[in-house]
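*Asks:* First, the structure itself, so that you have it in front of you.
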Amino acid sequence: MSKVRLVVVLVILALVAVGCAKTAENVLENAIEKQLEDEGGGDVNVDLNEDGGSVSIETDEGSVEFGDTEIPADFLLPIPNYEEVGGVITTTGEFASTQVILSFDPDDFDEVAALYEDFFNDQGWEVSRTESSGEGVRFVSITGSSDELAASVFITYSDGDDVASLTAQYGNN
């Protein structure tokens, strides 16, 4: 086979493979949509991100998007210096909320906890803090709420880990 023919065959095979992957993605999206519509009624639209990293689901009542690793520009809560974003979940509708999961330097544990406690207090929100530690694990939960919003952060660290973990979320109250 000539080199030109070989290149043409390889290009055609690559295009078929890409087309099959897109077809498989469409079949999966349609199957999820049908299942959700059968269970909850109404129209459902599912979109799987091409890289497989995120999923968005839209219904008549709102939407949810998860798996993204980019913090929304309009995220209400402060974000400390972080090493990696583990995920972002955003919902719309009556119970709209946004959640960010990230890792940070464990040496900043107390500073990160203070950042959120101070932020909630500065907003004039009702604030609650719970802290627990033992057997090499440390956990802090801080919540803040107003008439319109409720927010919480969960900060954890286990001895020997390279990073501490933060889950920061807020939503309609």
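The values are calculated or read from the model by the stated rules, or taken from the named source; none is laboratory data. Being a predicted model, the structure only gives us computed values, none of them experimental. In this analysis, Cβ positions are derived from the backbone assuming ideal geometry, glycine residues included, and neighbour counts consider all displayed protein chains.
*Asks:* Out of all the residues in region 145-173, which are more than 21 Å from T92 (Cα to Cα), part of a strand (DSSP E or B) and without any contact (Cβ under 8 Å) to a residue 40 or more places away in the chain? Before the answer, list the steps.
*Replies:* First, the residues of region 145-173 that are more than 21 Å from T92 (Cα to Cα): 154-166.
Subset that is part of a strand (DSSP E or B): 154-158, 164-166.
Scanning region 145-173 gives F154, T156, S158.
*Asks:* Answer yes if at least one residue in region 105-113 is in contact (Cβ under 8 Å) with a residue 24 or more places away in the chain, buried (at least 16 other Cβ atoms within 10 Å of the Cβ) and closer than 30 Å to D43 by Cα, and no otherwise.
*Replies:* no
*Asks:* For region 164-173, what are the residues that are at pLDDT 95 or above and either over 16 Å from the mean Cα position of the chain (by Cα) or surrounded by fewer than 13 Cβ atoms within 10 Å (Cβ to Cβ) (or both)?
*Replies:* Scanning region 164-173 gives a single hit, A164.
*Asks:* Checking the structure you have, find out if any residue of region 123-131 is among the charged types (D, E, K, R) and within 14 Å of V163 (Cα to Cα).
*Replies:* Step one: list which residues in region 123-131 are among the charged types (D, E, K, R), which gives 126, 129, 131.
Pick out the ones that are also within 14 Å of V163 (Cα to Cα) and you get none.
So far as region 123-131 goes, no, none of its residues is among the charged types (D, E, K, R) and within 14 Å of V163 (Cα to Cα).
*Asks:* Follow-up question, since we're still on this one. With the requirement that a residue be in contact with a Ser or Thr (Cβ under 6 Å, 6 or more places away or on another chain), of a type in the set (A, V, I, L, M) and surrounded by 13 or more Cβ atoms within 10 Å (Cβ to Cβ), what does region 117-163 give you?
*Replies:* V163
*Asks:* If V85 satisfies all but one of (1) touching a Ser or Thr at 6+ places or on another chain (Cβ under 6 Å); (2) surrounded by 12 or more Cβ atoms within 10 Å (Cβ to Cβ); (3) farther than 30 Å from T59 by Cβ, what's the number of the condition it fails?
*Replies:* Of everything listed in (1) touching a Ser or Thr at 6+ places or on another chain (Cβ under 6 Å); (2) surrounded by 12 or more Cβ atoms within 10 Å (Cβ to Cβ); (3) farther than 30 Å from T59 by Cβ, V85 misses just condition (3).
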